[in-house]
Amino acid sequence: MADPRFFTKSQSFTLQSLCEITAARLHDQSSADFQIEDVAPLDRATSSELSFLDNIRYKDQFSQTKAGACFVHPDLVDLAPANTNLLVTEAPYTAYAKAAQALYPQTMPEASISPQAHIADSAQIGNSCVVEAGAVIQDNAKIGDHCWIEAGAVIGSHVELGDYGRVGPNATISHSIIGKHVRLYPGCRIGQDGFGFAMDPAGFVKVPQLGRVIIEDGVEIGANTTIDRGAGPDTVIGAGTWIDNLVQIGHNVKVGKCCVIVSQAGISGSTVLEDFVVLGGQVGVAGHLHLGKGARIAAQSGLMRNVPAGEEQMGSPAQPMKQYLRQVAALNRLIKTKKS
Amino acid sequence: MADPRFFTKSQSFTLQSLCEITAARLHDQSSADFQIEDVAPLDRATSSELSFLDNIRYKDQFSQTKAGACFVHPDLVDLAPANTNLLVTEAPYTAYAKAAQALYPQTMPEASISPQAHIADSAQIGNSCVVEAGAVIQDNAKIGDHCWIEAGAVIGSHVELGDYGRVGPNATISHSIIGKHVRLYPGCRIGQDGFGFAMDPAGFVKVPQLGRVIIEDGVEIGANTTIDRGAGPDTVIGAGTWIDNLVQIGHNVKVGKCCVIVSQAGISGSTVLEDFVVLGGQVGVAGHLHLGKGARIAAQSGLMRNVPAGEEQMGSPAQPMKQYLRQVAALNRLIKTKKS
Amino acid sequence: MADPRFFTKSQSFTLQSLCEITAARLHDQSSADFQIEDVAPLDRATSSELSFLDNIRYKDQFSQTKAGACFVHPDLVDLAPANTNLLVTEAPYTAYAKAAQALYPQTMPEASISPQAHIADSAQIGNSCVVEAGAVIQDNAKIGDHCWIEAGAVIGSHVELGDYGRVGPNATISHSIIGKHVRLYPGCRIGQDGFGFAMDPAGFVKVPQLGRVIIEDGVEIGANTTIDRGAGPDTVIGAGTWIDNLVQIGHNVKVGKCCVIVSQAGISGSTVLEDFVVLGGQVGVAGHLHLGKGARIAAQSGLMRNVPAGEEQMGSPAQPMKQYLRQVAALNRLIKTKKS
């Protein structure tokens, strides 16, 4: 059970109502009125708790679970223990996510503007907002309705933040236009100058960075991630994209819709990611490249060339997955030959 | 055109005056009085706007540009469209940078100390400074003239910041002596203890970190970058060096003058970079190494040995560029052989 | 000598008393009353200063040092210059650490709660604490005795911080239970939501992150490091573990006791590190893995499989050290063959 000091549970649900919320179906109709009080991992769930099997790696935990109910794929129903009620679905993890959201809805503190926040007179704050102590909102910033600006966050002059935005503690934003339902995690840095300079015998000459950061609706940006503003064009993050912690995104980068960028990846200036691109952790992408729709890049890869739509690549320098695996195999054979 | 909410244009310029500012020369003297109102990228510039061709990758955009004028290398003049005035120079990007600086000069808000800043009585603040709301300046810190301390920045006890310094929002500094014209981006961390401990059967024993961070004139340090202070000697960043976002610099590191360190690179303790060294993105450098003057290390490389002056290296572990490329080629032949 | 503006020296010590503090022994008993005023590196130490030889790379500096006294391993005593008193020990670096701690004891400012800190009425602050200007302590947070909350740090609702905790400037904590003698460096982010979502035709579905971060006693966490809270189980950092700057630790990760995680390493969700594991800089670890007790992973390695206890691995993908070195050698032979 989640620590009640940090998380507030809404109510209990019958399996029937959970099926309606998640589009799962009951394996046994007679369990429709069974009550679920909470969610829990397979190995810790009790007879009133709901769990899920998604990663086949955990099938032994599933077979031994004491959970009162469990989301499971139709193909794996036979692995279930006798006393666990089954909610069958092709997408057990999505179903679990929706059920957990119902049990623990994300809430926001009651609307209030802390007298210890520092808000410029010319800033506009929408209705029903929370602004915490130590937050700074500068000249002419426009904050939408239902926004939550956490302690120590700094919203720069003329920045626009859409409705239902949440800016984490000590995050900073400047030179940015941000859509609705965007969440910025603690310490992320949005809109500072990109790394732009020209070489000159007298030293480096700074190139004024005259673009913005445009963040579309429904984006999440992780803790301590940095997104530089454009040099002339804008830097753009497409709707529904999720970005993890400690990611670097350079000036003029365009990230499409529903991309996933895992922790510590870095994208150099002016590169374009089409929609649904996935970058694994610690991936590095050179500047001025184009990654086609749905390209998937494995962790720690280094991209120096464009990637066609839908292609999976790996390695540093990155190659199509099959070619990469052949290289690894060839290298292993080479060692074995030399040993014998 | 740059968003006027975020950027303030100074005035228009004739091509003649732009030539004086940038040391470019007119391709056609009759265009001397042509007026430039703004800068813009090649593909978006209009007939009153100035652009540039630097990367040959963009030559098609150049041939089709509607820009009123364009900086271009003498060898590429023939690719220009008929209606674009040409400013010819061997360094088009530098010239563009200087012109853009003239059109959009970097300005600072009018001098003022926010009553919502937290400044110790013993701190010294120079003339004509801006200190924003929520900034903290601690005991005996010395801030030079014309400095800009942004919201939520924390300047620790006895830190010295030279004239024309700018400390971004929520950046923190301790145990540091900082020169003139230094810019620290949002969230960078300067001067905290290095990662120093000795192993002992009873656990790790912390080694007191008794050095400082010395930052010379004209340095830029990116967002969320971390620079640890020395363990006994100082950590030093040489004049005119540019450091990108999310870089790690360990204790006792000496970085020379006019080095470039790209995002997410990391330098372990006590390593020395001579002047003009370039580290690509995500490069890792082991401790106690020496990188000679002008060494250039490609992105994602891992350095475990010293690098001679002027040498270009790549790979993990890094090797001289030619050797690295031979390895990649050999590996590719190996796969082809096995396939056939 | 350490800059007295930043570091306060306690007193001078005789070699006899330093031997008692560090368990070293005098090479020459007649030097027992020799006075040590300070510590310094080998190449800068003077006749009243104490230094150490730990890394054999510095043996020439040792042979030429002017230091009044030096910690040294018994096997290297013969390399010493005539005028330097020797303190002999099998662990010279540990001995130096303890001596330096005696000369420069870590101190905390006099207890005081800044009137410019923002502390919720329901928060509990222990005895003898320092809370600096701009710090924010939210509802029901519990801070132990002798804690030091630096400027701009944000301690979220219901967070517990044990005695002798120190939270650096602009660090943020939420959803966490933290032990005694824990030190969090500037800008680290503890307890935010992990990167958890399910794919759905309608977009990503957020998985509520219902766990906490548990940090045991004596842990140090570096600047701008990010540790996400658990998704259901907790994220746990074991007692005595040291984590460097810019490290990413995903949700549900369990780190054992006395582990060392070097800068810019990243650990994906649900992975387990047993006690005494060492991760080098920029190492990446995939999710759901198990690293046995005392496993050692070289810098920039990429782990995609479990690692047995005590094993040393290197490479991306990582392999046992011997196998990795054979691969590097085989590749080098391959190039030489092709050249001839």
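Readers should treat all values here as calculations from the given coordinates under stated rules, not as data from a laboratory. Note that the coordinates shown come from a computational prediction; the quantities given were computed from them, not determined experimentally. Ideal geometry is used to build each Cβ from the backbone, glycine not excepted, and the neighbour counts take in all protein chains shown.
Give me, ordered by chain and number, the residues 5 or more places off B:Asp38 or on other chains with an amide H under 5 Å from its own placed amide H.
For B:Asp38, whose amide H was placed from the backbone, the distant partners under 5 Å are B:Leu50.
Looking at chain C, identify the longest residue range that excludes and avoids all GluC sites (Glu not before Pro) in DSSP loops having at most 12 other Cβ atoms within 10 Å. Present the calculation step by step, with values, prior to reporting the outcome.
Numbers: sites that count: C:Glu90, C:Glu110.
Looking at chain C, C:111-340 is the longest stretch - no exposed GluC sites (Glu not before Pro) with at most 12 other Cβ atoms within 10 Å.
Nearest 5 percent is fine: what portion of the DSSP beta bridges confined to the stretch B:23-87 is antiparallel? Intermediate results must be reported in sequence, preceding the final value.
Numbers: 1 of 9 bridges.
Just about 10 percent of them are antiparallel.
Determine which lysines satisfy two conditions relative to B:Lys336: a Cα distance under 21 Å, and not lying fewer than 8 residues away in the same chain.
The qualifying lysines are A:Lys322, A:Lys336, A:Lys338, C:Lys336, C:Lys338, C:Lys339.
What are the lysines whose alpha-carbon lies under 17 Å from the alpha-carbon of A:Lys293, with same-chain residues fewer than 8 places away excluded?
By straight Cα distance, A:Lys293 reaches A:Lys254, A:Lys257.
Hydropathy first: keep DSSP H helices in chain A averaging at least 0.0 on Kyte-Doolittle, then drop any whose Cα extent along the axis falls short of 15 Å, and list what survives.
Details: long enough: A:92-103 (16 Å, 0.04); A:321-339 (28 Å, -0.61).
What comes out of the filter, once short or polar helices are dropped, is A:92-103.
Of the residues A:Gly196, A:Gly165, A:Gly134, which exhibits the maximal mean-square fluctuation in a Gaussian network model of chain A defined by a 10 Å Cα contact cut-off?
A:Gly196
Shortest first, in nm, what separates the label point of A:Asn55 from those of the same position in the other copies (7 Å along Cα→Cβ)?
Copy-to-copy label distances at A:Asn55, shortest first: 3.7, 3.7 nm.
Kirkwood Rh over alpha-carbon pairs of the stretch C:222-340, then Stokes-Einstein at 4 °C and 1.567 mPa s: what D in µm² s⁻¹, rounded to an integer? Show your work: numbers first, answer last.
Working: Rh = 14.6 Å.
Roughly 89 µm²/s, to the nearest whole number.
I'd like the antiparallel share, as a percent to the nearest 5, of DSSP beta bridges with both residues in the protein assembly as shown. Intermediate values should be presented prior to the final figure.
Values: 24 of 222 bridges.
If we restrict to bridges inside the protein assembly as shown, about 10 percent are antiparallel.
How big is the dipole moment of the protein assembly as shown about its Cα centre under a simple scheme where the beta carbon of each Lys and Arg is +1, that of each Asp and Glu is -1, and everything else is neutral? Debye, nearest 20, please. Don't skip to the answer; put the middle values down first.
Details: 81 positive and 99 negative charges, 887 e Å.
The calculation lands at about 4260 debye.
Tabulate in residue order the Karplus-calculated ³J(HN,Hα) for the stretch B:178-191, using 6.51 cos²θ - 1.76 cosθ + 1.60 with θ = phi - 60°, rounded to whole Hz; enter x for Gly and Pro.
10, x, 8, 6, 9, 10, 10, 7, x, x, 6, 10, 10, x
Give the peptides A:113-119, B:226-232 in descending order of average Cβ contacts within 10 Å, highest first.
Details: A:113-119: 17.9, B:226-232: 26.4.
Packing proxy ranking, top to bottom: B:226-232, A:113-119.
Check the straight Cα-Cα distances from A:Lys142 and name the lysines below 18 Å, setting aside those fewer than 8 residues away within the same chain.
Leaving aside lysines fewer than 8 places away in the same chain, those within reach of A:Lys142 are A:Lys180.
What does the structure give for C:145-153 when I average, per residue, the other chain Cβ atoms found within 10 Å of the residue Cβ?
On the way: counts 0, 0, 0, 0, 0, 6, 12, 14, 5.
Taking the mean over all residues of the peptide, I get 4.
How far apart are the B:Ser17 label points across copies, placing each 7 Å from Cα toward Cβ, in nm, shortest first?
7.2, 7.2
Treating only the Cβ of Lys, Arg, Asp and Glu as charged (+1, +1, -1, -1), what charge dipole size does chain C show about its Cα centre? Round to the nearest 20 debye. List each step's numbers first, then the result.
Values: 27 positive and 33 negative charges, 340 e Å.
The calculated dipole for chain C is roughly 1640 debye.
Could you give the radius of gyration (one decimal) and Dmax (whole number) of the Cα atoms in the stretch C:263-316, in Å?
9.5, 23
Could you tell me which residue out of A:Ile178, A:Ala202, A:Val159 lies farthest along the dipole of chain A toward its positive end? Charges go on the beta carbon: Lys and Arg +1, Asp and Glu -1, centred on the Cα centre.
A:Ala202
Write out the trypsin sites (Lys or Arg not before Pro) in the stretch A:23-66 meeting two conditions: DSSP loop, and at most 16 other Cβ atoms within 10 Å of their Cβ.
A:Arg44, A:Lys66
How would you classify the protein assembly as shown from its alpha-carbon gyration tensor, with a ≥ b ≥ c the square roots of the eigenvalues: rounded for a/c under 1.5, else prolate if a/b is greater than b/c, otherwise oblate?
Numbers: a/c = 1.18, a/b = 1.00, b/c = 1.18.
Judged from the Cα gyration tensor, the protein assembly as shown comes out rounded (a/c under 1.5).
Which shape class, rounded, prolate or oblate, goes with the stretch C:115-168 when its Cα gyration tensor gives a ≥ b ≥ c as root eigenvalues, a/c under 1.5 marks rounded, and past that a/b bigger than b/c marks prolate?
Working: a/c = 1.44, a/b = 1.04, b/c = 1.39.
Cα axes put the stretch C:115-168 in the rounded bin.
So which trypsin sites (Lys or Arg not before Pro) in the stretch B:277-313 end up in coil per DSSP with only 13 or fewer other C-beta atoms within 10 Å?
Values: sites: B:Lys293, B:Arg296, B:Arg305; in loops: B:Lys293, B:Arg305.
Within the stretch B:277-313, the qualifying trypsin sites (Lys or Arg not before Pro) (loop, at most 13 other Cβ atoms within 10 Å) are B:Arg305.
Measuring nothing but label to label, 7 Å from Cα along Cα→Cβ, what are A:Ser122's distances to the other copies in nm, shortest first?
Label-point separations across copies, in nm and ascending: 3.9, 3.9.
What fraction of the DSSP beta bridges in chain A is antiparallel, stated in percent and rounded to the nearest 5?
Working: 8 of 74 bridges.
If I count the DSSP bridges inside chain A, around 10 percent turn out antiparallel.
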